[in-house]
Amino acid sequence: MAVRHYTLDFNLSTAVDSAAIVPSLLSIFHEQELAETIHDTNGHGYLATFVGKNGRLVILRVHAHGLVTIDLQCYEEDNISQLDNLLNALEKKLKVLLNGNIARIKKLPALVRGATVDRYWPTADGRLMEYDIDEVVYEKDSAYQNIKIMHSKQYGNILVLDGDVNLAESDIAYTRAITGNGKESYAGKEVLILGGGDGGILAELVKQKPKMIIMVEIDQKVIDGCKMHMRKTCGNTLDTLRGDCYQILIEDCVPLLRKYVQEGRTFDYVINDLTAIPISTEPEDSMWEFLRLILDLSMCVLDPKGKYFTQGNSVNMTEALSLYEEQLGKLSCPVDFRKEVVCVPSYLEQWVFYTAWKK
């Protein structure tokens, strides 16, 4: 059973004595059959909880520095009109009591907690976003991660790996950015895709009739889910592991990259779709070590005139992006790079993409 959490805030121009406003509010709570309990705040304003027989909980706090906050929690099945009436009555009464002392009033939409379908996912820089997700269409735990595909009315089906939004059916901007934004010709070229289990990159590139695409994806269950529920993204490319101009290998890309290095095999393009740049700014972090390893091995299998594409991270993660650019200057072979900022619809934030090539 889910819980709805409503908030109502009054920012005041000056601090107010709780004794001047609280008594006038009590009748509103009593009308809703809410029993009051006052809590000791050790001189930090007024705090009371009001509990109803139907499980409603209201927290009223008058902060000493000039802020009045009201939190209302109830079960999702509770009477919405009664809740609106309660909040509206409190807001109307406080407007009268605090007349001339209100700097701002803020009432947020209800936060639904514990729902069967989770609609809340953080951005890279930790801001909470609410999606219009109404259904989980696929969920599996693999040996590597939790895999969800969730339906959004606005973005279509969304692939979420270990709680991280990866790609939605609406996110063609992501796929175009990580393949060069239409500035590259893949016709007759050899391409290596690292990751890419949603099939979006593969589906876009096969249209250009490359000589051969090798896609290396470690998790078969990602492919299984996407070929059923992300067909607007992958088309029919994931239906078989081998096509006229591509082959999908279900394995760890690191041993394969090392094998290609030993064989002297090279590619015209290497596209790294394994993971975003780590948000950690500790170079010793294991994710950074993995990223540096992939970078070095990728450059070793990249043709001297080839290009390496990858996603970066949110434009707000400036320290992590700067650290990544430092790593590009420490590879076993010198490289140049450029970056581009693209708006990816389902990410709800601007995202940085990198292109690198050997000097």
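The values are calculated or read from the model by the stated rules, or taken from the named source; none is laboratory data. Computed from a prediction, not measured in an experiment: that's the story for all the values here. In this analysis, Cβ positions are derived from the backbone assuming ideal geometry, glycine residues included, and neighbour counts consider all displayed protein chains. These accessible areas exclude ligands, DNA and RNA; they are computed on the full protein's heavy atoms, side chains included. Shrake-Rupley method; radii C 1.70, N 1.55, O 1.52, S 1.80 Å.
Placing a label point 7 Å from the Cα of residue 241 along the Cα-to-Cβ direction, the residues of the stretch 213-229 with a backbone N closer than 11 Å are 217, 220. The accessible surface of the chain, taken with every protein chain in place and a 1.4 Å probe, is 49 percent carbon and sulfur.
Taking every DSSP beta bridge that has both ends in the stretch 169-358, the antiparallel portion is near 45%. Surface calculation, 1.4 Å probe, protein heavy atoms: residue 95 sits at approximately 90 Å² accessible. Label the stretch 37-135 by shape, choosing from rounded, prolate and oblate, from the square roots a ≥ b ≥ c of the eigenvalues of the Cα gyration tensor; if a/c is under 1.5 it is rounded, and otherwise prolate applies when a/b is larger than b/c, oblate when it is not. Here the stretch 37-135 falls in the prolate category.
Each of 320, 223, 288 was scored by the projection of its Cα onto the charge dipole of the stretch 169-358, and the greatest displacement toward the positive side belongs to 223; charges sit on the C-beta of Lys, Arg, Asp and Glu.
Rounded, prolate or oblate: which fits the chain, taking a ≥ b ≥ c as square roots of the Cα gyration tensor eigenvalues, rounded meaning a/c under 1.5, else prolate when a/b beats b/c?
Judged from the Cα gyration tensor, the chain comes out prolate (a/c at least 1.5, a/b above b/c).
Multiplying the residue separation of residue 129 and residue 330 by 0.36 nm and removing their Cα-Cα distance gives an extension gain of 68.7 nm.
In the structure shown, the pairs 259/330; 232/259; 259/359 are assessed against 29 Å; a Cα-Cα span above that value is assigned to 232/259.
What FRET efficiency, computed as 1/(1 + (r/R0)^6) with R0 = 22 Å and r the Cβ-Cβ distance, is obtained for residue 27 and residue 113, rounded to the nearest 0.05? After rounding, the FRET efficiency stands at 0.15. If R0 equals 35 Å, the separation of the Cβ atoms of residue 208 and residue 140 corresponds to a calculated FRET efficiency of about 0.65.
The angle between the Cα long axis of helix 253-263 and the main principal axis of the chain comes to about 20°, on a 0 to 90 degree scale. What's the angle, to the nearest 10 degrees (0 to 90), between helix 318-328's Cα axis and the longest principal axis of the chain? Value to nearest ten degrees: 10. The spacing between the stretch 25-46 and the stretch 295-359, judged by their C-alpha centroids, is 55 Å. Relative to the longest principal axis of the Cα atoms of the chain, the long axis of helix 286-300 makes an angle of roughly 30 degrees. Averaged over its residues, the stretch 120-164 has an accessible area of 51 Å² per residue, based on protein heavy atoms and a 1.4 Å probe. Solvent-accessible area per residue in the stretch 3-113 equals 54 Å², computed with a 1.4 angstrom probe and all protein chains kept. Only Lys, Arg, Asp and Glu carry charge here, each on its Cβ (+1 for the first two, -1 for the last two); on that basis the chain has a dipole of about 960 debye about its Cα centre.
Each Lys or Arg adds one and each Asp or Glu takes one away; over the other residues whose Cβ falls under 9 Å from the Cβ of residue 9, this sums to +3. Of the residues 111, 96, 352, the one whose Cα sits farthest towards the positive end of the charge dipole of the chain is 352 (charges of +1 on Lys and Arg Cβ, -1 on Asp and Glu Cβ, taken about the Cα centre).
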